[in-house]
Amino acid sequence: MNLKSTKCAICNSFNNSTILFSQRLPTQNLDASPYAPRRKRDFFHYEIVKCKTCGLLRSDPLIDENELKQFYFDSECSYTDDNENIPLKKTYGHYFTNILNKYDVETNSFLDIGCSNGFILEQALEFGFKKIVGVEPSTDAIDQASPSVKPFILNGMFDEKMFKKDSFDMITFFQTFDHIVDPNVFLQNCFKVLKDNGFILAINHNANSFSAKLLGEKSPIIDIGHAYLYDLTTMRKIFEQNNFLVHSVFPIQNVVSIERLIQLLPINSVTADKIQKIAKSLRINKFSLKLPLGNLGIIAQKRNNINSKI
């Protein structure tokens, strides 16, 4: 396993950080299994550091990017049943609806980056978008997509070369941005393929949430898949330094099933399985709650009249 030093994506600095958590990696060779979304808790992570200047959290060092990409291509999609998909659709759909109602978003073309099995693409069609596209590295996730959206999903890691400039009215990425090794290049590429006045809606973990502070290293956000971890301030900073007009950065209320809540508990898998059995026997595992689980959202817009770099 080849580990490489990383730099702060906001300050662009090396070795200007404080170690928060020492690395905890598998004792055997690393493979794609720890990179599967919504897997059972294994508590694996790289060394987590915090920038002394801006407060951005990151994994440092991190596995080589080419190896990392292959893990995402090989990762399994483990949340295709209604017990998992419906709460996700309710959470993301709520904020999706809000941006469409509050802002003047054109509904001609839509891109979802890290689209998994395409459930957000299904919602985009329901909301009236005429052209939809998803980008997803996991072949297993694409295999499980609905026939209505599967033809519109590209297998790969997002790159601006996939699309012409000024192609999309709206771009979303949900629980994807934390995983991006070079978030500045990622946002610059989003800027290029977004139409003038187009919008981005993103949701990811909040490193400064109450749950993150309470659970510390046992928090689900301290995870091998997360290259960077943002809070409300650093999320705004990285979008603004890439020339986006940020309208809002806000905490998220998640709709979550009892079954998923049990998976998130800071306990070993054996204990979690026992609790899951009890929840199923009581027939409460599919019940959903609306809770502040420690995520944040951002609404940003491409406005060429404020752009001077790209």
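The values are calculated or read from the model by the stated rules, or taken from the named source; none is laboratory data. All of these numbers come straight from a predicted model, not from anything done at the bench. All Cβ positions, glycine included, derive from the backbone under ideal geometry; neighbour counts span all protein chains shown. These accessible areas exclude ligands, DNA and RNA; they are computed on the full protein's heavy atoms, side chains included. Shrake-Rupley method; radii C 1.70, N 1.55, O 1.52, S 1.80 Å.
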**OP:** Could you look through the range 229-259, keep only residues that are in a strand (DSSP E or B), of a type in the set (V, I, T) and open to solvent by 10 Å² or more (accessible area, probe 1.4 Å), and pick out the one that is nearest to N197 (Cα to Cα)?
**Re:** V246
**OP:** Test G198 against the stated conditions and say whether it is modelled with pLDDT of 95 or more and either of a type in the set (K, R) or not in a helix (DSSP H, G or I) (or both).
**Re:** yes
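For the range 267-289, check the following and say yes or no: at least one residue is assigned to a strand (DSSP E or B) and within 30 Å of F191 (Cβ to Cβ). I'd like the intermediate steps shown before the answer.
Within the range 267-289, the subset assigned to a strand (DSSP E or B) is 288-289.
Restricting the remaining residues to those that are within 30 Å of F191 (Cβ to Cβ) gives none.
Among the residues of the range 267-289, not one is assigned to a strand (DSSP E or B) and within 30 Å of F191 (Cβ to Cβ), which makes the answer no.
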Subject >> Residues satisfying the stated conditions in the range 158-186, i.e. out of contact with any strand residue (DSSP E or B) (no Cβ under 7 Å at 6 or more places or on another chain), part of a helix (DSSP H, G or I) and open to solvent by less than 40 Å² (accessible area, probe 1.4 Å) >> reply: N184, F186
Subject >> Count of the range 143-157 residues which are surrounded by 17 or more Cβ atoms within 10 Å (Cβ to Cβ) and part of a helix (DSSP H, G or I) >> reply: 1
Original post:
Of all the residues that make up the range 39-54, how many are in contact with an Asp or Glu (Cβ under 7 Å, 6 or more places away or on another chain) and over 16 Å from Q28 (Cα atoms)?
Top reply: 2
**OP:** Please find, within the range 218-232, the residue that is nearest to the chain's Cα centre (by Cα) out of those that are closer than 11 Å to E47 by Cα and among the hydrophobic types (A, V, I, L, M, F, W, C).
**Re:** A227
**OP:** Please list, ordered by first then second residue, the pairs with beta carbon atoms under 8 Å, 6 or more apart or interchain, first in the range 193-208 and over 14 Å from I238 (Cβ atoms) and open to solvent by 10 Å² or more (accessible area, probe 1.4 Å), second part of a strand (DSSP E or B) and among the basic types (K, R).
**Re:** K195/K302; D196/K302; N197/K302
Subject >> Hits in the range 42-57 (condition: at negative phi, open to solvent by less than 50 Å² (accessible area, probe 1.4 Å) and not in a strand (DSSP E or B)) >> reply: D42, F44, Y46, E47, C54, L56
